[in-house]
1. May I ask which residue of 172, 229, 153 lies farthest towards the positive end of the charge dipole of the stretch 126-282, with charges of +1 (Lys, Arg) and -1 (Asp, Glu) on Cβ and the Cα centre as origin?
2. Points 7 angstrom from Cα along the Cβ direction at residue 188 and residue 302: gap in nanometres?
3. For residue 48 and residue 33, compute 0.36 nm times the residue count separating them, minus their Cα-Cα distance, and round to one decimal in nm.
4. Divide by every residue of the chain the summed helix terms, -39500 (n - 2.57) for each DSSP H run of at least 4, and state the resulting mean residue ellipticity at 222 nm, rounded to the nearest 500 deg cm²/dmol.
5. Hull surface divided by four, with the convex hull built on the Cα atoms of the stretch 129-282: how many nm²?
6. How would 42, 230, 296 line up from fewest to most surrounding beta-carbon atoms within 10 angstrom?
7. At q = 0.15, 0.19, 0.20, 0.25 Å⁻¹, what log₁₀ I(q)/I(0) does a Debye calculation on the Cα points of the stretch 238-284 give, no solvent, two decimals?
8. Please compute the contact order of the chain in relative form: average sequence separation of alpha-carbon pairs under 8 Å and at least six residues apart, divided by the residue count, as a percent.
Amino acid sequence: MSGRVASVPTAERSRLNAWVRSLARQPIWAFVIAELLFFSLMPGTREFFFSTGNLLNILLQSTFIGIIALGMTFVMINAEIDLSVGAIMALAASLSVGLQSQLGMIPAALLGLAVGAALGGLNGLITYKTGVDSFIVTLGAMLGIRGLVFVYTNQESYFALNFAYADFGMSQIAGVPTLAVIFVAIAIVLHVVLTNTRHGRDTYAVGGNRDAAVNAGVRVGRHLLINFTMLGALAALSGLLLSTQMGASTPNMGTVYELWVITAVVLGGTKLTGGHGSIVGTVGGVLGIQILRNGMNLMQVQAYWVLVILGAMLIAVLILDKRTTGAGRDGARA
């Protein structure tokens, strides 16, 4: 009996240490908790912040950036980046809404997803085959695809003629917005893929040391193609879901989304040098951004102060990461 009693504190300490280690690996969640405490106590926000409607609104608004950020996590763990996701988002939404009268709602939506996946795959193929940095490749893609959006739409918005399209964007499952449920489901699936599959292990291997990954038999080109294609498809899906909520698509949809996405992924602990990151951290980064935007809006703080705070946070995180790793991008990929 005495041995059993004595073992209880040890077990509790072990669980506590596990929680501490987990928090150390995902410090963004400490920031999320701090935000929740701050806005729940501040005059002007505490009356509304923890209402069910406001919390569901935060989750819903996290969906559109969050879905893209999930795919960006894989690409950035590969030590790559994609700046064209906002433009892909707009093109997919414009095709899905604009072609409904000719193709029907579902075929038009599928075409939008296919175009997004194809453009993402093309980014990965060019990056691997040419050896040009993905930053440059996708910067060019961002400009070119955004131009295609303006050409296709003639700089005009398209409105969904099928009311079922907009109804889907406003629908709920057990009181939770359907779009948010889709985001959570994708996050769970990709977390499992990243942590429990060979593809996930190869993602870390390619980003951590590409030469070693090649020597271990990883087909880097095929691997990059899969991750860039997945990111393009998720960017297109995000555009489709946002257009269902709006009941329309606009040529400017997704503008600067790439910056929000990259900020969320980096705040979530994914290193620009590759080889490190997680879906759990990315979800924390997305929620951290949206909670900050929501809380400051309730406080009636002007929106540009959110950009100031997030910019300062991002620079601080990158400086801290640089000092702790002691290696730049080139060193990580050598």
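1. Highest projection toward the positive end goes to 229.
2. 4.3
3. 3.7 nm
4. One gets -25500 deg cm²/dmol as the mean residue ellipticity at 222 nm.
5. Working: hull surface 43.6 nm².
One quarter of the hull surface, i.e. the mean projection, equals 10.9 nm².
6. Working: 42 13, 230 21, 296 17.
With the sparsest Cβ surroundings first, the list reads 42, 296, 230.
7. Taking Cα atoms of the stretch 238-284 as identical point scatterers yields -0.52, -0.69, -0.73, -0.86.
8. Relative contact order comes out at 31 percent.
Every read-out reported here was derived from the displayed coordinates using simple, explicitly stated rules and does not represent laboratory data. Given the structure is predicted, the values throughout are model-derived calculations rather than measurements. Note that each Cβ is placed from the backbone with ideal geometry, even for glycine, and that neighbours are counted across all protein chains shown.
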